[in-house]
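My questions will all concern the structure given below.
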Amino acid sequence: MLTKTTANEDGATLVAEPRKTSRAVKPANESATKKAVKPLTIFLDGEFVAEEDAKISVFDHGLLYGDGIFEGIRFYNGRVFRLKDHLDRLWDSARSICLDIPMSHGEMTEALLETIRKNDLRDGYIRLLVTRGVGNLGLNPAQCKRPSVIIIATTIALYSAELYRNGLTVVTVATRRTGPGSLNPAVKSLNYLNNVMARVEANLSGADEALMLNDQGCIAECTADNIFVIKRGEIFTPPITAGALRGITRSVVFEIAAELGIKISEADISRHDVFIADECLLSGTAAEVIPVIRADGRVIGTGKPGPISLRMIARFREITREGGTPIYS
């Protein structure tokens, strides 16, 4: 069983100063959202508008203060994957920050599906945002009279196909995961600066992702993914109390493990546990399920995606094609 340990000194690998060179430093491998052939149609506060007309006020508190919430949702083969789970989490986030979503679950579902239909998509990614709405330059959210709802349907490729085949490299960063006493990670807040700064450190190190520690020096999660380590045929992942998001894809990994008869447990995980793992996986809606083969310069396992990782990834891809909320009926 893994034990809770503390990392060396401040618990993070320091980012080395880049060597001076005339050659541009290659950034971490993250594919940009593919540009649509035609302009997108965006849902904005009850209306469907052209991409160039999808505008919000400069006084929206989502822009001024990151005051709002969001969900990233995948759809495959004409079906939205785990839509109810995503909407339930959206409403939980809203309740936690005292934000009243100006739509019902049913209305949100239909708006989301219609956004996909208007963009003629069968496979892609939804970004659903609810901002506090227009207020003034003051911090008080009571000045914001009506929240704004924005739904974007497009395509996304967080990592290249090569990385899904060969695995990611990760690096531990100095930026700590925000603790529940500050801004609870269970709330998918529009204020993602904590994750963004960790992502910046990963980029500077030339890594594909960043491992984020909590204040106790244990691994919480990555910038956009939950983490799993595999040792002696068992899977371990940080508990929610460590600062991990209760990921929708994370829950699917639990389901797949149970289906395949693989023991999976929540446990505090240190950097050491990642270094000595036989295999390592990340999961997230945008990232899906992807293997990790190197952490802080250490090769994980054989340096190639392991057998359990490959089984998990294959089964995940099957599941995403098997069910979901129909878009076209």
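The values are calculated or read from the model by the stated rules, or taken from the named source; none is laboratory data. Quantities reported herein were computed from a predicted structural model and do not represent experimental measurements. Every residue, glycine among them, receives a Cβ derived from its backbone with ideal geometry; neighbour counts consider all protein chains shown. For the accessible areas, the whole protein counts, side chains as well, though only heavy atoms, and no ligand, DNA or RNA atoms are used. Shrake-Rupley method; radii C 1.70, N 1.55, O 1.52, S 1.80 Å.
Can you pull out the residues in segment 236-279 that are farther than 20 Å from ARG311 by Cα and among the hydrophobic types (A, V, I, L, M, F, W, C)?
Once the filter is applied, which keeps residues that are farther than 20 Å from ARG311 by Cα and among the hydrophobic types (A, V, I, L, M, F, W, C), segment 236-279 yields ILE240, ALA242, ALA244, LEU245, ALA267, ILE269, PHE275, ILE276.
For (1) open to solvent by 20 Å² or more (accessible area, probe 1.4 Å); (2) part of a helix (DSSP H, G or I), each residue gets a yes or a no:
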residue	(1), (2)
VAL171	no, no
ARG177	yes, no
GLY181	yes, no
ASN194	yes, yes
ALA202	no, yes
MET212	no, no
ASP215	yes, no
GLU221	no, no
ALA224	yes, no
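A further question follows. Starting from segment 126-142, keep only residues that are touching a residue at least 40 places away in the same chain (Cβ under 8 Å) and on the phi > 0 side of the Ramachandran plot, then list their pairs with residues that are in a loop (DSSP other than H, G, I, E, B) and surrounded by 20 or more Cβ atoms within 10 Å (Cβ to Cβ) whose Cβ atoms are within a distance under 6 Å, requiring at least 6 positions of separation or different chains.
Sorted first by the residue in segment 126-142, then by its partner, the pairs are GLY133/CYS144; GLY133/PRO147.
Within segment 126-154, how many residues turn out to be open to solvent by less than 10 Å² (accessible area, probe 1.4 Å) and not in a strand (DSSP E or B)?
1
Quick one: which residue in GLY206, GLY247, GLY217 is more than 18 Å from VAL173 (Cα to Cα) and of a type in the set (Gly, Ala, Ser)?
None of the others qualify; the one that does is GLY247.
Something else now. Does segment 281-329 hold any residues that are within 29 Å of GLU114 (Cβ to Cβ), within 21 Å of the chain's Cα centre (by Cα) and free of Cβ contacts under 8 Å to residues at least 40 places away in the same chain, and which are they?
ARG317, GLU318, listed by residue number.
Let me ask something else. Out of ASP123, ASP100, report the one residue that is open to solvent by 20 Å² or more (accessible area, probe 1.4 Å), touching a residue at least 24 places away in the same chain (Cβ under 8 Å) and farther than 27 Å from TYR76 by Cα.
The unique qualifying residue is ASP100.
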